[in-house]
Amino acid sequence: MFFAGSAVFLLINVGAAEVPQDTVSAAMDSTTTSSTSTSSTSTTSTTTTTTSTIPPKGTLVIHGTGDVNLDPTYIPAFASNGYDYAWEAVHGVFADDDLTVINLECAPSDIGEPKSKEFVFRCPTESLDSLEPAGIEVVNLGNNHSGDYGKEALVDGLAQVTEAGVASVGVGANADEAGAPAVFDIEGWTVAVVGFGGVVPNQPWVASADRPGMRDGDDVTSMVSAVEAADEIADIVVVSIHWGVELDTEPLLRMSSGPRR
């Protein structure tokens, strides 16, 4: 598996912290029976109780990774071993869990021209076919390489990832789409995944109301807004943020500075 750089993967909100127990509701169905004689009239009421059972929520196993690069010019082994080689070292762990979220550190499109920057990475569309069989459900594209081949390739990449059977977060045709969650119903839980990119080469990489791009991972107000919106529809919100300083191997208190390559 080829993980490079750094990213942050957070399970930051649990809307339903405990597994609900069975609940019992009573429905009152009153019937009246009358018997009449010359001396008296009696009325008898009966009560019917209905039991309703809510299935318990199951245990979830969720995995998250940092940067994953499927560019064959950067990882020459793909040319001889194929793209499934990227996942061999995890021995099917992602396929056996309930949800896996990765940061896909390359432009998942075959179109566009490379940007003028130190490193540009492309995931050929045939590489995306390795994702779903490996157990990858969501890719965060909010990073400093999903736009390496321009806005057209970035938007096309969303369609390519979807075509491969995987959800994408972190980028979009506008800021709202870039901040929208991928939502899953798993083991009785509703899980929402949102993505952000905090390593921004320059401001035009950030999505706006009418510009494609990433959802800004350095804009706390914007991030909180997106997470709160996801929390309205989900029990659990998972957040993937591309943060960090190039080649650092130790966690930092603040990770929004450093080279943007």
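The values are calculated or read from the model by the stated rules, or taken from the named source; none is laboratory data. What you are looking at is a predicted structure, and each value in this text was computed from that prediction instead of being measured. No Cβ is skipped: glycine too gets one built from the backbone with ideal geometry, and neighbour counts run over all protein chains shown. Note: areas computed on protein heavy atoms with side chains; ligands, DNA, RNA excluded. Shrake-Rupley method; radii C 1.70, N 1.55, O 1.52, S 1.80 Å.
At a glance:
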quantity	calculated
Interchain or long-range residues, amide H under 5 Å from residue 109's placed H	123
Cα gyration tensor shape for segment 160-208, rounded if a/c is under 1.5, else prolate or oblate	prolate
Equivalent-ellipsoid semi-axes of segment 171-238, from the Cα gyration tensor, Å, largest first	24, 11, 9
Three-way shape call for segment 113-179 based on the alpha-carbon gyration tensor, with the a/c threshold at 1.5	oblate
Cα shape, segment 112-229, gyration tensor, a/c 1.5 rule	oblate
For segment 111-117, 3J(HN,Hα) per residue [Karplus equation, 6.51 cos²θ - 1.76 cosθ + 1.60, θ = phi - 60°, Hz, x = Gly/Pro]	10, x, 10, x, 6, 7, 8
Dipole axis of segment 160-261 (+1 Lys, Arg; -1 Asp, Glu on Cβ), positive-most option in 169, 221, 243	243
Carbon plus sulfur fraction of accessible area for segment 138-261, probe 1.4 Å, in percent	51
Kirkwood-Stokes translational diffusion coefficient of segment 47-190, alpha-carbon pairs, 37 °C, 0.692 mPa s, µm²/s	199
Ranked packing of 224-232, 239-247, most packed first, by mean Cβ within 10 Å	239-247, 224-232
Residues of type lysines that residue 151 reaches as a straight line, Cα spacing below 21 Å, ignoring anything fewer than 8 places off in the same chain	115, 117
Accessible surface, 1.4 Å probe, highest first, among residues 208, 109	208, 109
